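Values quoted throughout were computed directly from the atomic coordinates according to the rules given, and no laboratory measurement underlies them. Computed from a predicted structure; not experimentally measured. As a convention, Cβ positions derive from the backbone with ideal geometry for all residues, glycine included, and neighbour counts pool all protein chains shown.
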Amino acid sequence: MVWSETVKDVQKKLETKLGLICEVQDERRLSLTIRPQQLLEVCSFAREIGFMHLACITVVDWPEKNKFTLVYHLWSYHQKVLLTIKADINRQK
C-alpha cells in the first residue's frame, strides 16, 4: 500500500461528501477546518469511512482574536491516517 494514495483517497471522500477543502499535511495526515455546526456531520462521516479512534480533543485560546479553536484528532487504524478537525468558536458564547 502506498500511503500517499490512501491519504488522497480519504481526502477525496471527505471533499466529495462534505463539500469542504481537506488539506494534506503529509503522507499520513489530513486537516479540515469547519464551522462548529458541522462538527456532528463531519465526525459521523469520518467514522463511517474508518476513523474509529478519537485520539485527542483540545482547544487553542486566541484572546486577541476573541475566539477558541476546538481541535479533534481522529485516527484510522485501517488507513493509518490522522485526521485533524478544527472549528473556531466565539469566546463570548
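When Lys and Arg each count +1 and Asp and Glu each count -1, what net charge do the other residues less than 15 Å away from Arg47, Cβ to Cβ, add up to?
Details: positive: Lys13, Lys17; negative: Glu41, Glu48.
Once positives and negatives cancel, what remains is 0.
Close amide-amide hydrogen proximity is noted between Arg29 and Leu82, each under 5 Å apart and 5 or more residues distant or on a separate chain (H modeled in the peptide plane; Pro and chain starts excluded). The charge dipole of the chain, taken about its Cα centre with unit charges on the Cβ of Lys, Arg, Asp and Glu (plus for the first two, minus for the last two), comes to roughly 200 debye. Taking only the C-alpha atoms of the chain, the Rg (one decimal) and the largest Cα-Cα distance, Dmax (whole number), read 13.5, 46 Å. Along the Cα-to-C-beta direction of Gln25, a point sits 7 Å from the Cα; which residues of the stretch 51-68 have their amide N less than 15 Å from that point? Only 54-60 pass the distance filter. Summing Lys and Arg as +1 and Asp and Glu as -1 over all other residues whose Cβ lies under 13 Å from the Cβ of Gln25 gives a net charge of +1. Close amide H contacts of His53 (hydrogens built in the peptide plane, cut-off under 5 Å, sequence separation of 5 or more or a different chain): Trp75, Tyr77.
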